Amino acid sequence: MALKIYGVAPSRAFRTLWMAKELGLDYEHIKVDFATGDTRSPAHLALNPNGHVPVIDDDGFILWESMAINLYLAKKYGRDGLYPSRLVDEARAWQWSFWGMTEVERPVLTVLFNRAILPEDKRDAAAGDAAEKTLGGPLKVLDAALGHSSNLLGDRFTVADLNVASILAWARPAQIDMAPFPKVAEWLKNCAERPAARAARQLQRE
Ligand SMILES: N[C@@H](CCC(=O)N[C@@H](CS)C(=O)NCC(=O)O)C(=O)O
């Protein structure tokens with residue numbers, strides 16, 4: 001099989017598994033688990049010296065960083081407009097992907113850890129609440145953007161939507177209140193209900 005995806009589904013590898021499902025790709029799933037320390041094994045460090053997942057091996061081409069992987073896969077294998085054809089739309093897909101990583105990921109993870117992941121006696125409710133407040137800034141930006149079109153680059157679902165929605169997939173288990181951001185809530189629901197997103201979530205339960 002030409003494409004290998006490294007990383008268990010309950011990790012950021014979810015983003016790449018969703019993309020692979022969206023593209024209908026045939027791939028080998030190598031379930032490297034961060035929880036067992038396998039991400040730090042010599043074999044995995046040879047693929048990604050950062051010791052993280054996801055990583056892909058696409059016929060010998062090794063790539064890490066979830067957003068870069070998804071942009072690459074969508075561009076290489078994209079169909080039905082998943083990867084934009086116009087340069088300006090491609091640039092906006094990069095914009096939203098970098099924005100998701102720099103503006104959204106840290107606060108949403110901080111809320112998630114302090115409300116759901118850490119053992120109860122290690123949770124800091126105030127830190128979780130403060131991070132939710134911080135997240136309000138980017139969510140307001142996203143809500144305004146989605147006031148102009150049903151998806152980030154227009155009416156069609158693209159890699160930009162998948163990348164940002166896959167980061168915001170943590171908002172639900174983090175119990176983030178989406179009521180002030182109705183456009184985000186609707187868009188996120190539509191993204192999450194896509195068959196490929198459902199199939200990737202199913203992998204998290206296996
Ligand atoms: N910026 C990276 C972050 C990757 C990352 O931190 N992955 C976590 C799992 S969600 C990981 O592999 N942790 C294992 C470790 O650090 O040993 C990306 O988006 O791909």
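Take the conditions (1) of a type in the set (A, V, I, L, M); (2) more than 19 Å from the chain's Cα centre (by Cα); (3) open to solvent by 80 Å² or more (accessible area, probe 1.4 Å); residue 117 misses just one of them, which is (2).
Results for (1) over 20 Å from residue 16 (Cβ atoms); (2) open to solvent by 20 Å² or more (accessible area, probe 1.4 Å); (3) not in a loop (DSSP other than H, G, I, E, B), shown as yes or no for each residue.
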position	(1), (2), (3)
103	yes, yes, yes
131	yes, no, yes
134	yes, yes, yes
148	yes, yes, no
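On inspection, residue 35 qualifies as out of contact with any Gly (no Cβ under 7 Å at 6 or more places or on another chain) and either of a type in the set (D, E, K, R) or at pLDDT below 95 (or both). The sole residue among 105, 90 that is more than 18 Å from residue 141 (Cα to Cα) and out of contact with any Lys or Arg (no Cβ under 6 Å at 6 or more places or on another chain) is 90. If you check 155, 129 for being more than 24 Å from residue 197 (Cβ to Cβ) and more than 19 Å from the chain's Cα centre (by Cα), only one passes: 129. Which residue is surrounded by the most Cβ atoms within 10 Å (Cβ to Cβ), if the candidates are limited to the range 34-48 and must be within 9 Å of the ligand (Cβ to nearest atom) and of a type outside the set (S, T, N, Q)? The selected residue is 44. Go through the range 62-101 and give me each residue that's within 16 Å of the ligand (Cβ to nearest atom), over 12 Å from the mean Cα position of the chain (by Cα) and either exposed (fewer than 15 other Cβ atoms within 10 Å of the Cβ) or outside any helix (DSSP H, G or I) (or both). Answer for the range 62-101, where residues must be within 16 Å of the ligand (Cβ to nearest atom), over 12 Å from the mean Cα position of the chain (by Cα) and either exposed (fewer than 15 other Cβ atoms within 10 Å of the Cβ) or outside any helix (DSSP H, G or I) (or both): 62, 63, 64. Taking the listed residues 51, 7, the one that is within 8 Å of the ligand (Cβ to nearest atom), touching a Pro at 6+ places or on another chain (Cβ under 7 Å) and open to solvent by less than 20 Å² (accessible area, probe 1.4 Å) is 7, with no other qualifying.
The values are calculated or read from the model by the stated rules, or taken from the named source; none is laboratory data. Because the structure is predicted, anything quoted here is derived from the model rather than measured. Here Cβ is always computed from backbone atoms with ideal geometry, including for glycine, and neighbour counts include all displayed protein chains. The area values use the complete protein model at the heavy-atom level, side chains included, leaving out ligands, DNA and RNA. Shrake-Rupley method; radii C 1.70, N 1.55, O 1.52, S 1.80 Å.
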